[in-house]
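Any read-out appearing in this document is the output of simple, stated calculations on the displayed coordinates, not a laboratory observation. Only a predicted model underlies this, so the values are computations on that prediction, with no experimental measurement involved. All Cβ positions, even for glycine, are placed from backbone atoms using ideal geometry, and neighbour counts span all protein chains on display.
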Amino acid sequence: MKTFLRFVSAVAAVWLSALCGSAAAAGDTIKVGILVEMSGTFASFGQQITTGAKAYMKQNGDTVAGKKVELIIRDTTGPAPDVAKRLAQELIVQDEVDFIAGFGLTPNALAVAPIVTEAKKPTIIMNAATSIITTKSPYIARVSFTLPQVTEPMAQWAYKSGLRKVYTAVADYPPGIDAEKTFKNAFTKLGGEIVGEARIPLVNPEFGPFVQRIKDAKPQALFVFVPAGELAVGFMKAYTERGLANAGIKLITTGDVVDDGVINALGDDVLGVISTHHYSVAHDSPENATFLAEYAKINSTQRPNFMAVGGYDGMAAIYEVIRKLNGNIDGDKAMQVLRGMKWTSPRGPILIDADTRDMVQNVYVREAKKVGGKIYNVEFETFPMVKDPGK
Ligand code: DHB
């Protein structure tokens with residue numbers, strides 16, 4: 001019996017050393033858990049973000065500070081806080097990721113904030129754009145934008161252009177409310193008037209009746225925020241079908257509604273629409289040319305949009321943290337590296353504000369125009385290095 005026990009413990013010891021060996025191998029990998037919408041109405045968000053992230057890795061290689069970087073992509077399926085929470089927990093506990101990243105939609109980012117705080121996991125928001133997200137955890141940094149950041153310049157541009165009576169219409173959830181409030185504050189402070197406000201459901205919205213009511217109110221302009229992609233297409237369809245452009249109601253919006261990913265599907269009715277945003281495919285810079293070329297190597301049929309740039313820049317931030325920490329990722333040290341990080345993105349110069357962990361960046365005023373037979377958001381004015389106005 002004793003001999004048998006000795007045999008069992010010897011086998012266990014071999015197993016243990018094999019296990020330790022594989023643990024050492026796992027230590028040579030940096031795992032990045034990407035939580036994004038890969039199915040349903042918002043599937044384009046996950047497609048864009050992950051393609052952008054992969055484009056960065058294709059350009060820069062997948063080894064940093066001697067460690068292999070691995071993406072573990074998980075589908076939140078849409079605005080689903082409970083799914084996002086469960087997946088974040090699994091990524092942290094089972095997959096033992098070093099970073100959490102992704103997040104097209106605000107509700108998913110807000111849901112995981114307490115989890116990443118508890119686990120001290122450095123978390124990079126690649127799109128979700130409600131102002132408060134970064135205040136919900138000291139372990140969150142954002143490389144995308146905030147709705148207030150791009151909306152205030154829109155209100156200023158609208159007033160400067162002679163518009164005085166504007167109707168606002170937003171998706172009825174946190175980034176929409178941010179956009180509505182910011183536009184109203186900035187526009188009325190200048191002397192403009194808000195003649196009506198509509199909040200449209202995020203899930204299964206019917207734009208027609210809202211758009212008809214707006215037409216009947218006869219504002220000079222309509223300011224809109226709805227999430228990019230399918231909702232933007234749905235909104236533009238209603239705007240066209242109900243004849244708002246012909247009624248002389250000017251459309252002004254954040255760049256989400258004229259998202260590069262779908263702008264050609266919006267058709268010629270989108271021509272002339274003025275928007276403010278942080279990224280346009282038409283941005284003229286060597287960094288953007290490189291980004292577009294790398295993106296096309298992974299997906300040559302889909303045009304990238306601002307979410308793809310968020311994915312690309314998010315990986316740039318993660319690579320820099322890995323380099324600076326020489327591959328030994330610690331939550332507090334990672335956040336220290338992220339605070340104040342500065343670089344040149346495909347969108348232009350960017351900075352992660354050291355206090356708010358939010359982007360400081362140019363906001364561009366653009367017009368939807370045909371260039372070489374395709375529709376682009378052509379930048380014509382720049383608000384330089386804008387901060388979220390509420391922070
Ligand atoms: C969100 C913000 C956007 O600007 C967008 O286009 C889609 C989603 C968000 O924060 O949920």
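From the convex hull of the Cα coordinates of the stretch 36-77, what is the mean projected area in square nanometres? It would help to have the intermediate numbers written out before the result.
Working: hull surface 11.5 nm².
That works out to 2.9 nm².
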For helix 174-190, report the angle its Cα long axis makes with the longest principal axis of the Cα atoms of the chain; keep it between 0 and 90° and round to the nearest 10°. 40 degrees
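Taking 8 Å as the Cα distance limit and 6 or more residues as the minimum spacing, I'd like the relative contact order of the chain as a percentage. Kindly include the intermediate steps, with their values, before the conclusion.
Working: 807 pairs, mean separation 67.9, N = 391.
Once divided by the residue count of the chain, the mean separation gives 17 percent.
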P(r) of the stretch 140-283 over all Cα-Cα pairs, binned every 5 Å from zero, in whole percent: 2, 10, 21, 25, 23, 13, 4, 1, 0
Base-10 log of normalised Debye intensity for the stretch 71-117 (one unit scatterer per alpha-carbon) at q = 0.15, 0.16, 0.26, 0.27 Å⁻¹: -0.31, -0.35, -0.98, -1.05
For the pair residue 301 and residue 93, the simple spin-label estimate (label points 7 Å beyond Cα toward Cβ) gives in nm 4.0 nm
Crossing angle, helix 43-60 versus the chain [Cα axis fit, 0-90 degrees, rounded to tens]: 60 degrees
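Could you give the C-alpha radius of gyration of the stretch 180-258 expressed as a fraction of 2.2 N^0.38 Å, taking N as the number of residues it contains? Intermediate values should be presented prior to the final figure.
On the way: Rg = 12.3 Å, N = 79, 2.2 N^0.38 = 11.6 Å.
In units of the globular-protein estimate, the stretch 180-258 measures up at 1.06.
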Calculate, axis by axis, the spread of Cα positions in the chain along the three principal axes, and write the results as whole Å, longest axis first. 93, 40, 39
Per the Kirkwood formula on distinct C-alpha pairs, the Rh of the stretch 224-285 is how many angstrom? 11.9 Å
Rounded to 5, percent antiparallel among DSSP beta bridges of the chain: 40 percent
Along each of its three principal axes, how wide is the spread of alpha-carbon positions in the stretch 250-391, in whole angstrom units, largest first? 51, 38, 21
Could you tell me the center-to-center distance, by alpha carbons, between the stretch 337-387 and the stretch 82-106 in angstrom? 27 Å
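Largest first and in whole Å, give the semi-axes of the stretch 293-349's equivalent ellipsoid, each being the square root of 5 times a Cα gyration tensor eigenvalue.
Numbers: eigenvalues 140, 32, 15 Å².
With the √(5λ) rule applied to the stretch 293-349, the semi-axes are 26, 13, 9 Å.
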In terms of Cα to Cα distance under 22 Å, which lysines are near enough to residue 67, apart from those fewer than 8 places away along the same chain? 31, 54, 58, 120, 121, 324, 333
At 7 Å along Cα-to-Cβ for each site, give me the label-to-label distance between residue 344 and residue 381 in nm. 2.6 nm
For peptides 247-256, 298-307, sequence by mean Cβ density within 10 Å, most packed first: 247-256, 298-307
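As a test of the formula, what do you get for the chain when each DSSP H run with n ≥ 4 contributes -39,500 (n - 2.57) and the sum is divided by the residue count, at 222 nm and rounded to the nearest 500 deg cm²/dmol? Numbers along the way, then the final one.
On the way: 12 runs with 168 residues, N = 391.
That calculation yields -14000 deg cm²/dmol at 222 nm.
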Any chance you could give the angle, 0 to 90 degrees and rounded to 10, that helix 147-160 forms with the longest Cα principal axis of the chain? 20 degrees
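Could you work out the relative contact order of the stretch 120-231, using alpha carbon pairs under 8 angstrom and six or more residues apart, expressed as a whole percent?
Values: 164 pairs, mean separation 29.3, N = 112.
Taking the mean separation of contacting Cα pairs over the length of the stretch 120-231, I get 26 percent.
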Using alpha-carbon positions, what is the distance between the centroids of the stretch 235-301 and the stretch 25-48, in Å? 25 Å
